[in-house]
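Report on one structure; see the data block that follows.
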Amino acid sequence: MQPKDYCAKWVPRKYGITPEQWGYKAKCLEELEQVTGLARNTLKNWKDLTTEAVYVQKLLFYADFYNELSDFFKKYSEKKVDKSTT
């Protein structure tokens, strides 16, 4: 998964900021820094937030998967279970 795709998916969901809004790129870099462990200066060097580094793409794929699972479990745990049917 490319960094720009990860950001387009998760920055709006986590921070409520869309790509058109001010502060989007800063939040995107912050999120990528947290997920990949790379320095912000390294991330700023990626043109259009893309990279050929396969390990970064895999890290973002795994982070995306983790985020999806977390969202699923949050939604699942919020549902009330009708104990009379079990």
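The values are calculated or read from the model by the stated rules, or taken from the named source; none is laboratory data. Source: prediction; values computed, not measured. Cβ placement follows ideal geometry from the backbone for every residue including glycine, while neighbour counts extend to all protein chains displayed. Only protein heavy atoms, including side chains, enter the accessible area calculation; ligands, DNA and RNA are left aside. Shrake-Rupley method; radii C 1.70, N 1.55, O 1.52, S 1.80 Å.
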Query - Hey, GLN21 surrounded by 11 or more Cβ atoms within 10 Å (Cβ to Cβ), farther than 19 Å from GLN2 by Cα and not aliphatic (A, V, I, L, M) or not - result: yes
Report task. Could you tell me which residue of the range 17-53 is farthest from the chain's Cα centre (by Cα), considering only residues that are of a type in the set (Gly, Ala, Ser) and within 20 Å of TYR66 (Cβ to Cβ)? Result -> ALA53
Report summary line: Expected single match for open to solvent by 80 Å² or more (accessible area, probe 1.4 Å) and of a type in the set (Phe, Trp, Tyr) among TYR66, TYR6 is TYR66
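With small (Gly, Ala, Ser), free of Cβ contacts under 8 Å to residues at least 12 places away in the same chain and either in contact with a Lys or Arg (Cβ under 6 Å, 6 or more places away or on another chain) or not in a loop (DSSP other than H, G, I, E, B) (or both) as the only criterion, which of ALA63, ALA26 stands out?
Numbers: ALA63 fails: free of Cβ contacts under 8 Å to residues at least 12 places away in the same chain.
It is ALA26.
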